[in-house]
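**Student:** Below you'll find the structure I mean.
The values are calculated or read from the model by the stated rules, or taken from the named source; none is laboratory data. Not measured: the values here are computed from a predicted model. All Cβ positions, even for glycine, are placed from backbone atoms using ideal geometry, and neighbour counts span all protein chains on display.
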Amino acid sequence: MSGTHYTTEILKELERTLTRISNTELEAMAGLMLRSEKVFIAGAGRSGLMGKAFAMRLMHIGRQVYVVGETVTPGIGPNDLLLLCSGSGETGSLALMAEKAVRIGARAGLITIKPESTIGRLAEAIVQVPASAKEDTAASGAAITIQPMGSLFEQGLLLCLDALVLTLMDMEGITGADMFGRHANLE
């Protein structure tokens, strides 16, 4: 197969996946974010990288946002949200974070393939991205994707998070021009 054939197939997979994301779930997550004083983002591996990109956009729309694990990240409190990005919803370090956040009185949110997961049981809001987890493709060679490991979820996650940004912008009446004033200027 050629590279352009692969990109065509990837786009088909993404369209099939993204059109099945629930608008109700996206709006519920956006509402939870708007009711939270600070938003903390965490994920492992490539999912964590997608979460960092989302954190940047949240900063651009004026939200108080932090990436868990960065040196300037403060403690989480009762009026805050921990938003976790985990395909399986079972990543050990993320599950421990969710348990601690909930114990402190913060809310947990999850974007995942598996809403019935350990983290899903702790989450107040969940957005399901109907892709295949890397564990599923490794174990069964699942036919839902031609891509290796968790690529379909990670790509879908990034686009889902961008849709969440647009949802928040719409709910808050924020424009792209409003965001530009918060763009990095020490580049």
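**Student:** Among the residues in region 166-186, are any surrounded by 15 or more Cβ atoms within 10 Å (Cβ to Cβ), in contact with a Lys or Arg (Cβ under 7 Å, 6 or more places away or on another chain), of a type outside the set (D, E) and on the phi < 0 side of the Ramachandran plot?
**Tutor:** Scanning region 166-186, I find no residue that is surrounded by 15 or more Cβ atoms within 10 Å (Cβ to Cβ), in contact with a Lys or Arg (Cβ under 7 Å, 6 or more places away or on another chain), of a type outside the set (D, E) and on the phi < 0 side of the Ramachandran plot, so the answer is no.
**Student:** Follow-up question, since we're still on this one. Could you grab me the full set of residues in region 43-82 that are among the hydroxyl-bearing types (S, T, Y) and either in contact with a Pro (Cβ under 9 Å, 6 or more places away or on another chain) or assigned to a loop (DSSP other than H, G, I, E, B) (or both)?
**Tutor:** Y66, T71, T73
**Student:** Give me the pairs: first residue in region 104-122 and in contact (Cβ under 8 Å) with a residue 40 or more places away in the chain and part of a strand (DSSP E or B), second residue charged (D, E, K, R) and surrounded by fewer than 24 Cβ atoms within 10 Å (Cβ to Cβ), beta-carbon distance under 8 Å, and six or more apart or on different chains, which are they?
**Tutor:** Within 8 Å, the pairs are R107/D80; R107/E124; G109/E124.
**Student:** Consider region 21-57. How many of its residues are aliphatic (A, V, I, L, M), within 26 Å of N185 (Cα to Cα) and either free of Cβ contacts under 8 Å to residues at least 60 places away in the same chain or out of contact with any helix residue (DSSP H, G or I) (no Cβ under 7 Å at 6 or more places or on another chain) (or both)?
**Tutor:** The total comes to 6.
**Student:** Would you mind stating whether L26 is at pLDDT 95 or above, in a strand (DSSP E or B) and of a type in the set (A, V, I, L, M, F, W, C)?
**Tutor:** Answer is no for this residue.
**Student:** May I pose another question? Checking G89 against (1) within 24 Å of H183 (Cα to Cα); (2) touching a helix residue (DSSP H, G or I) at 6+ places or on another chain (Cβ under 8 Å): exactly one of these is not met. Which one?
**Tutor:** If we test G89 against (1) within 24 Å of H183 (Cα to Cα); (2) touching a helix residue (DSSP H, G or I) at 6+ places or on another chain (Cβ under 8 Å), just (1) comes out false.
**Student:** Which pairs have Cβ atoms under 9 Å, sit 6 or more apart or on different chains, and link a residue in region 164-187 that is of a type in the set (S, T, Y) to one that is outside any loop (DSSP other than H, G, I, E, B) and exposed (fewer than 15 other Cβ atoms within 10 Å of the Cβ)?
**Tutor:** Sorted first by the residue in region 164-187, then by its partner, the pairs are T167/N23.
**Student:** Which of the residues spanning region 67-83 are under 20 Å from A95 (Cβ atoms) and aliphatic (A, V, I, L, M)?
**Tutor:** Correct list: V67, V68, I76, L81, L82, L83.
**Student:** For residues that are polar (S, T, N, Q) and under 9 Å from the mean Cα position of the chain (by Cα), scanning just region 34-89, find the one that is farthest from K114 (Cα to Cα).
**Tutor:** S47
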